[in-house]
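The values are calculated or read from the model by the stated rules, or taken from the named source; none is laboratory data. These numbers come from a predicted model, not from an experiment. With ideal geometry, Cβ positions are generated from the backbone for all residues, glycine too; neighbour counts draw on all protein chains shown. When the accessible area is computed, the model is the full protein with side chains, heavy atoms only, and any ligands, DNA or RNA have been set aside. Shrake-Rupley method; radii C 1.70, N 1.55, O 1.52, S 1.80 Å.
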Amino acid sequence: SIKLLLCGTKKGFIIAYSLENNNFNIIGKLFNHNDEITSISINDNLNMFGTTSKDGCIMLYTLPKFKLVRTIKISLNNNDKEKESIFGNNIYLSSIPIPCVTVYISSLKLFKTYSINGVQLFENNETGNSTQFKCSKIIHDLNFQEFLIYGTNDGFIKIRKFPDMSLINTIDFLEGKPIETFALSQDQRFCYTYDGGDNIIVAFDEKTTINEDLRQSIKKDIHNTY
């Protein structure tokens, strides 16, 4: 199977690379957006990927042929001209329980979910002081349900359910510090994030939060080596 890398540019181009024999080869260029690309999401189950741009549009493409199948203009339910320039900062393609595309608009703290055909299905607001998130993952459970897990700029890990983006859980990880990155264990029981300022890894399960000081870990490793 071909390993695929999709890159978005500030000019609105999408460039597709394949990785073969440790070399990146350009296999496609797309010029449908006319402003900076803000987010890209790939869904293997749908054989599709989606893009958002500062031009306020969502583009849906097929894989592996990169055929444009849908353009969705992000719009509001009112005619406020001051908000005509809204755009999606993050995009997610979900396949279960229904195929859909969700965008997060940070300027409005709003999730909007559309069907693959471009019909708006749901709107849901972000909670509290969270306005932006840099890291996110889509997971699914054994009941054919997908969830979005993401870290916020004010120190929370949040879990939402597709397609209505209802809030399932909020975890106070870093007490107001931005979540820059996190990881899930293979069995999805534990979540880990890193506090660079205090040099601490924070691990969370359903019952407790565990703090592990990296400096203590290094000392233990050195001690055990000798």
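Dividing the Cα radius of gyration by the Kirkwood radius, what Rg/Rh value follows for region 103-170?
0.96
Which of the three applies to region 136-183, rounded, prolate or oblate, going by the alpha-carbon gyration tensor with a ≥ b ≥ c and a/c under 1.5 meaning rounded?
Note, shape of region 136-183 comes out prolate.
Could you give the accessible area per residue of region 39-167, probe 1.4 Å, as a whole number in Å²?
Each residue of region 39-167 exposes 47 Å² on average to a 1.4 Å probe.
Order of 34-45, 153-164 by packing, highest average Cβ count within 10 Å first?
With the highest mean Cβ count within 10 Å placed first, the list reads 153-164, 34-45.
Using the beta-carbon distance between ASN169 and PHE122 and R0 = 25 Å, what value does 1/(1 + (r/R0)^6) give for FRET efficiency, to the nearest 0.05?
So the FRET efficiency works out to roughly 0.85.
Leaving out ligands, DNA and RNA, and with a 1.4 Å probe, what % of the accessible surface on region 13-102 is carbon or sulfur?
45 percent
LYS161: net charge of surrounding residues, Cβ under 15 Å, Lys/Arg +1, Asp/Glu -1, itself excluded?
So the surrounding residues net to -2.
What residue among ASN117, ASN32, ASN199 has the largest mean-square fluctuation in a Gaussian network model of the chain, using Cα springs under 10 Å?
In this elastic network of the chain, the residue with the biggest mean-square fluctuation among ASN117, ASN32, ASN199 is ASN199.
Given a Förster radius of 41 Å and the C-beta distance between LYS73 and GLN188 as r, what FRET efficiency does 1/(1 + (r/R0)^6) yield to the nearest 0.05?
Computed FRET efficiency for LYS73 and GLN188: 0.70.
For the chain, what is one quarter of the convex hull surface built on the Cα atoms, given in nm²? All intermediate terms of the calculation are to be shown ahead of the outcome.
Working: hull surface 63.0 nm².
Its Cα hull, projected and averaged over all orientations, spans 15.7 nm².
Can you give the calculated 222 nm mean residue ellipticity of the chain, where each DSSP H run of n ≥ 4 adds -39,500 (n - 2.57) and the sum is split over every residue, rounded to the nearest 500 deg cm²/dmol? Don't skip to the end; give the middle numbers.
Values: 1 runs with 12 residues, N = 226.
My calculation for the chain gives -1500 deg cm²/dmol from helical runs alone.
With axes computed from alpha carbons, what is the tilt in degrees of helix 214-225 against the longest principal axis of the chain, rounded to the nearest 10 within 0 to 90?
Its long axis makes an angle of about 60 degrees.
If the limit is 27 Å between Cα atoms, which of LYS54/LYS137; LYS3/LYS177; LYS67/LYS109 go over it?
Listed pairs above 27 Å: LYS3/LYS177; LYS67/LYS109.
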